[in-house]
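First the structure, in the form of structure tokens, and then the observations on it.
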């Protein structure tokens, strides 16, 4: 899990950290006083939830979300007296917490994410090594070979045995995965585009799409994009 805090005032960042550190690991919290730095970091690192101030001094938080937000983002706006946020105007903004923060207000956003994360963890045993847990959101695609399968994330490749590919496929289907040929499952959250008979992942990898799988891939990809825009 990774939680972001974006506020131009250190006092409120520390207040939120003090609440969060009783609920999640301290190392899972990353704070920013510069909102532009947050969006630069977010290009390479996903956040499960981001608490962002409305009045950031250099800019309005809602305006920045409109400008730089991604369909993968989930923002909670931190509001001060007089701030008003229309949550329905942007699907990326899922709620708001008033300052000064309370545990109850923060809990209603943190615990659903924690529970969802538990359900989206894939436990695998690497060849000759200890068991490893990977969050489904980190998986770009999975490929099956003769005697093992490989799990590919944005920055790592894990060669894994000891578990049937079909079982992994079921896990992927529950978490935005879809089969694109006999050997590959891709994660729709990391699909950049479909290009002729290939699916292009957001890391640039291109994967062949089987003729019998293409129509379903196109339908599910369009459905995913509509539900996350």
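The values are calculated or read from the model by the stated rules, or taken from the named source; none is laboratory data. The shown structure was predicted, so the numbers you read here are calculated from the model rather than taken from an experiment. When we count neighbours, we look across all protein chains shown, and the Cβ atoms used for this are built from the backbone with ideal geometry, even at glycine.
Which condition from (1) surrounded by 16 or more Cβ atoms within 10 Å (Cβ to Cβ); (2) at pLDDT below 90; (3) over 23 Å from residue 191 (Cα atoms) is the one that residue 76 breaks?
With (1) surrounded by 16 or more Cβ atoms within 10 Å (Cβ to Cβ); (2) at pLDDT below 90; (3) over 23 Å from residue 191 (Cα atoms) applied to residue 76, the lone miss is (2).
Going by the structure shown, is residue 189 under 20 Å from the mean Cα position of the chain (by Cα) and modelled with pLDDT of 80 or more?
Spelling it out, residue 189 is indeed under 20 Å from the mean Cα position of the chain (by Cα) and modelled with pLDDT of 80 or more.
With respect to the numbered conditions (1) under 22 Å from residue 108 (Cβ atoms); (2) free of Cβ contacts under 8 Å to residues at least 60 places away in the same chain, which one is the sole condition not fulfilled by residue 34?
Exception for residue 34: condition (1).
Name, by its number, the condition in (1) modelled with pLDDT under 80; (2) part of a strand (DSSP E or B); (3) within 22 Å of residue 70 (Cα to Cα) that does not hold for residue 141.
Status for residue 141: all satisfied but (1).
Within the stretch 45-64, identify whether any single residue is surrounded by fewer than 18 Cβ atoms within 10 Å (Cβ to Cβ), more than 17 Å from the chain's Cα centre (by Cα), at pLDDT 95 or above and in the same structural domain as residue 108 (by TED's automatic domain parsing), and answer yes or no.
no
I'm checking my understanding of the structure. Among residues of the stretch 13-25 that are touching a strand residue (DSSP E or B) at 6+ places or on another chain (Cβ under 7 Å) and outside any loop (DSSP other than H, G, I, E, B), which one is nearest to residue 61 (Cα to Cα)?
Among them, the one singled out is 13.
Can you name every residue in the stretch 25-38 that is at pLDDT below 95 and crowded, with 18+ Cβ neighbours inside 10 Å?
Listed by number, the list holds a single entry, 29.
From the list 62, 41, pick out the single residue that is out of contact with any helix residue (DSSP H, G or I) (no Cβ under 9 Å at 6 or more places or on another chain), assigned to a helix (DSSP H, G or I) and within 30 Å of residue 226 (Cβ to Cβ).
Checking each option against the conditions leaves just 41.
State yes or no: is residue 111 out of contact with any strand residue (DSSP E or B) (no Cβ under 8 Å at 6 or more places or on another chain), in a helix (DSSP H, G or I) and more than 30 Å from residue 191 (Cα to Cα)?
For residue 111, the condition - out of contact with any strand residue (DSSP E or B) (no Cβ under 8 Å at 6 or more places or on another chain), in a helix (DSSP H, G or I) and more than 30 Å from residue 191 (Cα to Cα) - is not met.
Restricting to the stretch 171-229, what's the tally of residues that are part of a helix (DSSP H, G or I) and farther than 29 Å from residue 93 by Cα?
Looking only at that region, the number is 3.
Could you figure out which of (1) more than 23 Å from residue 190 (Cα to Cα); (2) surrounded by 14 or more Cβ atoms within 10 Å (Cβ to Cβ) isn't true of residue 1?
(1)
Those residues that are surrounded by 16 or more Cβ atoms within 10 Å (Cβ to Cβ), assigned to a strand (DSSP E or B) and at pLDDT below 85, I need them from the stretch 151-170; list them, please.
Selection gives 158, 160.
Filter the stretch 177-207 for residues that are within 14 Å of residue 222 (Cα to Cα) and buried (at least 18 other Cβ atoms within 10 Å of the Cβ) and give the result.
177, 178, 187, 188, 189, 190, 191, 199
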